[in-house]
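Okay, structure first, notes after.
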Amino acid sequence: IQVIRVTEDFRLVDEPIPYQTLWQASDQLDLDTTAVVSVGQPGILRQRVRVRYENGIEISQTVDGEWVALQPVNQVIGYGTKISINTVNTPQGPLEYWRVVRMRVTSYTAASSGKSPDHPQYGITASGLPAGTGIVAIDRSVVPFRSEVYVPGYGVAFAGDTGGGVRGRWIDLGYDEDEYVSWSGYVDVYYLTPVPAPDNINYLLPTNLP
């Protein structure tokens with residue numbers, strides 16, 4: 001006959017509760033800058049665990065109850081909404097801009113836009129203007145649609161196209177067929193004045209480059 005000595009014990013186990021990060025607009029911070037307003041603090045989920053032993057050997061654990069011992073404190077990060085007007089010197093003369101953003105750059109023509117010449121929308125941009133030099137495709141959530149930008153090495157352009165694959169911090173430079181120049185890599189894009197209405201500005205742009 002084997003005698004099994006069964007005992008039980010209880011222990012408290014703490015599990016971290018992650019905090020959330022909240023974003024808060026601040027007109028005291030420059031556009032495209034951030035600052036920590038308040039530091040986050042993880043919370044604590046405390047569990048009462050029943051531990052079963054047989055002949056001194058742990059056999060099983062069962063959560064007998066749990067409660068929040070410490071509430072998490074959310075982290076708050078401020079992002080800037082203060083816009084300043086600056087000037088960039090260009091071959092066209094000095095230009096006023098209110099934002100400059102590093103972007104991936106490519107280039108296209110009507111022929112490379114994915115539509116056949118017999119398509120009714122061939123060579124027509126999202127703004128209704130014909131594709132060509134001076135028209136660029138952008139992501140509307142990054143560059144205000146129908147605004148003007150300056151791209152060094154390309155010139156002043158009208159953000160009048162969107163492009164099927166242009167997402168995030170990416171600009172696709174339009175060219176006439178006989179003027180095409182291939183672009184790749186990254187470039188600083190200057191958003192020219194006038195400053196759009198606040199509702200048309202995305203103050204918190206994606207930080208990653210495509």
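Would you say R104 is touching a residue at least 24 places away in the same chain (Cβ under 8 Å) and in the same structural domain as A35 (by TED's automatic domain parsing)? Spelling it out, it is not the case that R104 is touching a residue at least 24 places away in the same chain (Cβ under 8 Å) and in the same structural domain as A35 (by TED's automatic domain parsing). Are there any pairs with C-beta distances below 8 angstrom linking a residue in segment 184-197 that is in a strand (DSSP E or B) to a residue that is surrounded by fewer than 13 Cβ atoms within 10 Å (Cβ to Cβ), with the two at least 6 apart or on different chains, and if so which? Between residues of segment 184-197 that are in a strand (DSSP E or B) and residues that are surrounded by fewer than 13 Cβ atoms within 10 Å (Cβ to Cβ), the close pairs are Y186/R102; Y186/L209; V187/R102; V187/P152; V187/G153; D188/R102; D188/P152; V189/R102. Checking each residue in segment 42-86 for being farther than 12 Å from E15 by Cβ and either acidic (D, E) or in contact with a helix residue (DSSP H, G or I) (Cβ under 9 Å, 6 or more places away or on another chain) (or both) picks out E54, E58, D64, T81.
T193 meets all of the listed conditions (1) closer than 25 Å to Y79 by Cβ; (2) at pLDDT 95 or above; (3) touching a Lys or Arg at 6+ places or on another chain (Cβ under 9 Å) but one, namely (3). Within segment 11-65, which residues are part of a strand (DSSP E or B), small (G, A, S) and surrounded by 15 or more Cβ atoms within 10 Å (Cβ to Cβ)? Correct list: S26, G43.
All conditions in (1) free of Cβ contacts under 8 Å to residues at least 40 places away in the same chain; (2) in a strand (DSSP E or B); (3) of a type outside the set (D, E); (4) under 30 Å from D27 (Cα atoms) hold for V136, with the sole exception of (4).
The values are calculated or read from the model by the stated rules, or taken from the named source; none is laboratory data. In this text the structure is predicted, and so the values were computed from the model without any measurement. Cβ: placed from backbone, ideal geometry, glycine included. Neighbour counts: every protein chain shown.
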